[in-house]
1. Can you give the direction-averaged projected area of the convex hull of the alpha-carbon atoms in the chain, in nm²?
2. Choose one answer from A92, A42, A17: the residue with the largest mean-square fluctuation in a GNM of the chain with alpha-carbon springs under 10 Å.
3. How much of the DSSP bridge set in the stretch 2-118 is antiparallel, in percent, rounded to the nearest 5?
4. Among L91, L116, what is the fewest-to-most ranking by other Cβ atoms within 10 Å?
5. Please report the relative contact order for the chain, taking Cα pairs under 8 Å with a sequence separation of at least 6, and give it as a percent rounded to a whole number.
6. Hey, what number do you get for the chain at 222 nm if only DSSP H runs of n ≥ 4 count, each worth -39500 (n - 2.57), divided across all residues, to the nearest 500?
7. Springs between alpha-carbon atoms under 10 Å, Gaussian network over the chain: tell me which of Q39, Q104, Q57 tops the mean-square fluctuations.
8. Label point 7 Å out from T84 along Cα-to-Cβ: which residues of the stretch 1-26 have amide N under 15 Å?
Amino acid sequence: MATWPTTLPAPRGNGYAIDPEEQVIRTQMEFGSARVRRQTFARVDSIKSNWLFTDAQMAIFRAWFESSTGAAGGASWFDITLPTGDGGARLAQARFSTAPSMAQNGRRFWQVTATLEVR
C-alpha cells in the first residue's frame, strides 16, 4: 500500500472536517414511527482536507498523486496520519473521493483541497 510522502505536510486544521457516512437505513411507515435498521458496522468517514504546499512540495504531490506506486490518480488506498476525532492523530487508510483542487495562494504557495474517504 502507498504511503503519504514524508516530505509533505499533514492537512491544515483550517477547513478540516469529518463527515461520517450514514450507517442506518430509515424506512418511513404509512403510520407510526419510521423503521430503522443498521446497514453496516464498517466505519467510513469523508474528510474534507486542505494543504498548503510550496512549489517544490506541489511538484512532489503531483508526481505522487499520479504515480502507480502512489495514489494512482486517486484510485489507490494509502496510509496517512490524520486527526480522526478519536484521541489525537492516528494512522489511517485513505483514498481520494474527489480530485484535488489546486489554486495558487500568493506567489510561492499552493492551496490544495480534496475529500478523502477514510476507513
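Just so you know, all these numbers are worked out from the coordinates, no wet-lab data involved. These numbers were taken from a predicted model, which means no experiment stands behind them. Note that we place each Cβ from the backbone using ideal geometry, even for glycine, and neighbour counts take in every protein chain shown.
1. Details: hull surface 37.9 nm².
Spelled out: convex hull of the Cα atoms, projected over all directions, averaged, 9.5 nm².
2. In this elastic network of the chain, the residue with the biggest mean-square fluctuation among A92, A42, A17 is A42.
3. On the way: 32 of 34 bridges.
That works out to approximately 95 percent antiparallel.
4. Values: L91 11, L116 22.
Ranked by crowding around the Cβ, least crowded first: L91, L116.
5. Details: 228 pairs, mean separation 34.0, N = 119.
Relative contact order comes out at 29 percent.
6. Values: 1 runs with 12 residues, N = 119.
The per-residue figure over the chain is -3000 deg cm²/dmol.
7. Highest fluctuation of the listed residues: Q39.
8. 4, 18-21
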